[in-house]
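Below you'll find the structure, written out as structure tokens, and then a few comments.
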Amino acid sequence: MRIEITCPNCHHCFNPNEAIDQSMRKAQVRGEGLVMLECSACFSDIAWRPNASPPETPFRCPVSHCSGWVSKLLSDEMDRSVLACGECGSEWRDPINFFIEITEIQAQYAYRTSCYRRGSSIEWSPAPFDLEVADYEQKVRDEPLDQKTTFVRG
């Protein structure tokens, strides 16, 4: 029996192909790992981890012209986590810089506020998907391309 995945974006249920299913089972045995999937209905990126709890709502990327999802990854250097977008490739090694970019993108584009909820002080948390504006991805595509020349953003 293959593993069933529910897309956190569109709630479509699907089974990954056999090769990905095997990778997921290996991760389950180890109790660790990350498997990146693509929803067969809405083509959103899904970061799957082998745990029994429901997946956390991911952050939307705060980079202009990117509607991707940001995941927390374990960095090879000094076992620190890195926040990274699977769509544009941006990464944040310091969460404070990530939160600053969330604040800045919301100041530029009011519809981006539907993706984030204020936490304590400078921190943000992702908002539930059902609060996102209906045409969010189209609005983001209409934004100008980000002008930074490096993927490492801080």
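The values are calculated or read from the model by the stated rules, or taken from the named source; none is laboratory data. None of the values given here were measured: they were computed from a predicted structure. Counting neighbours? That spans all protein chains shown, and the Cβs are built from the backbone with ideal geometry, glycine included. Please note that ligands, DNA and RNA were not included when accessible areas were found on the heavy atoms of the full protein model with its side chains. Shrake-Rupley method; radii C 1.70, N 1.55, O 1.52, S 1.80 Å.
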Which entry in [x] 41; [y] 19; [z] 26 matches percent of Cα pairs over 27 Å apart derived from the coordinates of this structure?
[z]
Roughly how many Å² is the accessible area per residue of the chain, as a whole number, for a 1.4 Å probe?
61
Using 0.36 nm per residue of separation minus the Cα-Cα distance, give me the extension gain between F14 and S121 in nm, one decimal.
34.6 nm
Residue list for the stretch 135-153, given a label point 7 angstrom along the Cα-to-Cβ vector of A107 and an amide N cut-off under 18 Å
144, 146-148
A 1.4 Å probe over the protein heavy atoms gives the stretch 87-154 a carbon and sulfur accessible-area percentage of 54
Given a 1.4 Å probe and every protein chain left where it sits, what share in percent of the accessible area of the stretch 2-51 is carbon and sulfur?
48
